[in-house]
Structures are given as C-alpha cells and as structure tokens.
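Heads up: the structure comes next, in structure tokens.
The values are calculated or read from the model by the stated rules, or taken from the named source; none is laboratory data. Predicted, not measured: the structure shown is a model, and the values here were computed from it. Neighbour counts are summed over all protein chains in view; Cβ atoms, including those assigned to glycine, are modelled from backbone coordinates with ideal geometry. The area values use the complete protein model at the heavy-atom level, side chains included, leaving out ligands, DNA and RNA. Shrake-Rupley method; radii C 1.70, N 1.55, O 1.52, S 1.80 Å.
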Amino acid sequence: MRATFRNFIGELNVAACVRDRHDHAMSVVRWALILVPLAALVGTLCAAFLWSLDVVTRLRFVWPWLLYLLPLGGFAVGLLYHLTGRSVEGGNNLIVEQIHEPGAGVPLRMAPLIFFGTVVTHLFGGSAGREGTAVQLGGSLASSFGRALRLDADGTRILLMAGIAAGFGAVFGTPIAGAVFALEVLAIGRVEYRALGPCLIAALVGDWACLAWGIHHNVYRVESLVPVDALLTAKAGIAGVAFGLVGLVFAEANHALGGWLKRIVQYGPLRPVIGGGAVIALVYLLGTRDYLGLGTLAATPDSLTIASFFGPDTHPWSWALKLLFTVVTLSAGFKGGEVTPLFFIGAALGNALAPMFGVPTDVFAAIGFVALFAGAANTPLACTFLGIELFGAIYAVPIAVACFVAYRCSGHNGIYLSQRIAIPKVPATGLTPTATLREMRANRAVRQPRS
C-alpha cells in the first residue's frame, strides 16, 4: 500500500504541475496587459467613428445638396489613397492575408485613411457600411501593437484576430458575434479556436469601451410571437436558399463591377467620380433617397430604414434597390463596409418573403437580417450568435437553420476574397490546400467557355 502511494505521488509530479500552471497564469497576465489597452483603444476609436457617422448623416439630411458633391468627395478620397495609401487598399482582405501569412504587417496609416474615407462616403450619400472601417481600425492598431512589442508570427496572428473581434464587437454592440466572427472569417469550414480567449476578451473590452463613451446601438425588436416548430424551421430553411443566393449575387456583382471599372479606368481616383455620378443618377431615376448611407436613420418619418422592415408593411423590391446602390458605391472604390447594407438587404428580403410563407414580417426580417450576411461572408456561426444577441434566443433555431442553409447555398463565393477554403462546401476542381476565394474566382473565369 505504501509503495503504491509513493508511486502515485511520483507520477503526480506536483512541482511540474505547479510550474505549468504558473507559466500558464503568467501567459494569461501578459496577454491581458496587451489585449485590454488595445481593445479599449479600438472601442474608443469605434465610438468616435460611430458618433462621426451620426453627425455627417444628419448633416446630409439638413443639406440635401451634399449629394451633388459625392463625385468630388470620392475623387478626394481616391486621390488620398492613390498618393499615400496604396499599401492599404486591400482593406479587410489585407488583414486576413496578414493573419494567414504574417509579413510586413498592416500599416498604421490604414486607420486614419479608412476613418476619413468612410466619413466622407456617408457625408455625401454613398451607400456603404461601417464594419469594414471597424475591422480595419482594429487590424491596423493590432499590427502596430505587435510590431512595438516585437511579437513573433504566431503572436501577431492572434493579436490581429483580436483586433478584428474588438472592432466588430464594438461597432455593432455584439461581442460574442465579434469574437466568433474573428475566428470564423479566416477560412471556410474551419474555426481558429486557439484564439478564442483573446478574441472574446478583446470583443468584450472593445464593446464596453464603446458603450462607456455614451454610444447607443440600434435596437430592432421582434414583437410577434410565433411557435418555433418544425414548420417555421422548414420555412426558415427554404428562405435561407434565397438569402444565400442573394448574398452570392451581392458578392459577385461587387467583384465583377469593381474589376470591370479597374480595367476600363486605369487611374484610381476617377473611379469614385463615375460611381458617384451613377449614384446621383439612380436617385433621380428612382425618385428616392431611401437607399443612401447606412440605412439606419431616416430624413423623414416615411423614409425607409432597416427598422421599417420589422413593421407590418411589405416592401417587395427594397432589397434589390439597396443591393444596386451598394454595389455601385463600393465597386467604384468608396470606403466603408458591406455588412450594414447586407443587414438592410437581408431584412428587406425577409420582409418581402414573409407574406409568401405566412410568417409575420418582423420574424422573417430578423432571420434575413443575419442569414444573408452569413451567406455573403461565409460565417454562419458568427451570424447565429449575432441573431441571438440582437433578437434574443426565442428564434435561435430558425435563425441558425437559415444561416447555415444560406452559407451552403452561396457556394465558394463571398465578400472577402482572401478567405481560404479549409473544408470545401461541395467538391470543386482547382482546389489546393491553401486556395482562396480569389483563386476560385480566377479558376472559374478561366474555365468559362468563350463565345
């Protein structure tokens, strides 16, 4: 008995166990000392950014003539990037590339450039979002922290992911979704669980810092109570096909039009001039300004916003019009992001589909709000959490089903071309272990039969 107990003590190796726990605790402390100030700074910048967007949007409502300056504003931002920001024109894709293969890092000047460029876009009425700016703010600051602290490649990767989480969590007020988004957006079919702790800490601190500055996020309420049964879940799954296909159309239209403009207009600053003129033409052709800007604030009580689609009225074609305005704006080189417009498009499409399925408009608007983004960004897990954080857990099952169906139906396409395909959704030719969506698009273009 005594020998057995002695053997047990020997195998337990208390000293080694204590040493390992000590090393782990010190690692946690070191990462906390890095992540907390980084995320607080990202959250503060996001608060300033959101405040700025609110101010310039209200200025545009007061002075409608600012729309006519959209081409001039686009030219100014395009020229600024042409002269000083060519190395950061990749935006979100540059950050994803640096996470996959850390190299020169993300230049710090990305932060002021994207901040200024996005504010200008919204001041003059471009249809764009804000997630791209928040992610780039987080990524550029994280990269600068990594260089200053002389982190190795693995540490830099984790810090960049934490920067994405802090920016996403702060700008939308959804820290869990922000953390999961940073883990999921890098590669289709794979989640980087190794960085889960740092990303969650960064997303939480970023959100808290943003809120501490008095920023209030938009609230979208689902008032209808519908039994979450097999029928509703099946309807959400069928609608998920539409959400995924429209997400695919959005991404491909944006890439195709952007590529076409780059081929025919070699001088970068001129592309936003053309795009700005096209947006002005669309406003007067369609006789509405409802599809300008973020789509979260309204100039008049009868103007459409995202909240409008949670009401009882049906708007059959608003999703297509917002898609058109946003594709024209972003493909021409205006700065911002795709996510808030995708929220608008998804909620509007859910609103339009609701009567066909016999479901209240607010329920399907909520499902479409997140599911279309899931298809376009290939992030079904993050979008499921996003839906729960925004709308509550009551409709978690249909939201999850719609998000994963949309993800499957969007194929190997998406708004982030630097995403890698870790696990293919379906068998595909031309796939390599590190294939990106950009390479898949190039392969499809080569295989297309020539007329």
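Just a few scattered comments:
- Test set (1) within 27 Å of ALA281 (Cα to Cα); (2) surrounded by 22 or more Cβ atoms within 10 Å (Cβ to Cβ) - ALA165 fails condition number: (1)
- Scanning region 332-388 for residues that are buried (at least 24 other Cβ atoms within 10 Å of the Cβ), part of a loop (DSSP other than H, G, I, E, B) and not acidic (Asp, Glu) yields ALA332, GLY333, PHE334, LYS335, GLY336, GLY337, ASN378, THR379.
- Between ALA230, ALA179, ALA239, the distinction of being more than 30 Å from VAL328 (Cβ to Cβ) and buried (at least 17 other Cβ atoms within 10 Å of the Cβ) belongs to ALA179 only.
- Sole residue being under 30 Å from TYR81 (Cβ atoms), open to solvent by 70 Å² or more (accessible area, probe 1.4 Å) and either within 24 Å of the chain's Cα centre (by Cα) or in contact (Cβ under 8 Å) with a residue 12 or more places away in the chain (or both), chosen from LEU297, LEU270: LEU270
- Test: residue in region 204-212 that is in contact with a Lys or Arg (Cβ under 9 Å, 6 or more places away or on another chain), modelled with pLDDT of 95 or more and of a type outside the set (Asp, Glu): no
- All conditions but one from (1) open to solvent by 40 Å² or more (accessible area, probe 1.4 Å); (2) in a helix (DSSP H, G or I); (3) within 19 Å of ALA354 (Cβ to Cβ) apply to PRO398; the one that does not is (1).
- Just one residue in the set VAL370, VAL327 is hydrophobic (A, V, I, L, M, F, W, C), closer than 17 Å to GLY125 by Cα and within 18 Å of the chain's Cα centre (by Cα); that residue is VAL327.
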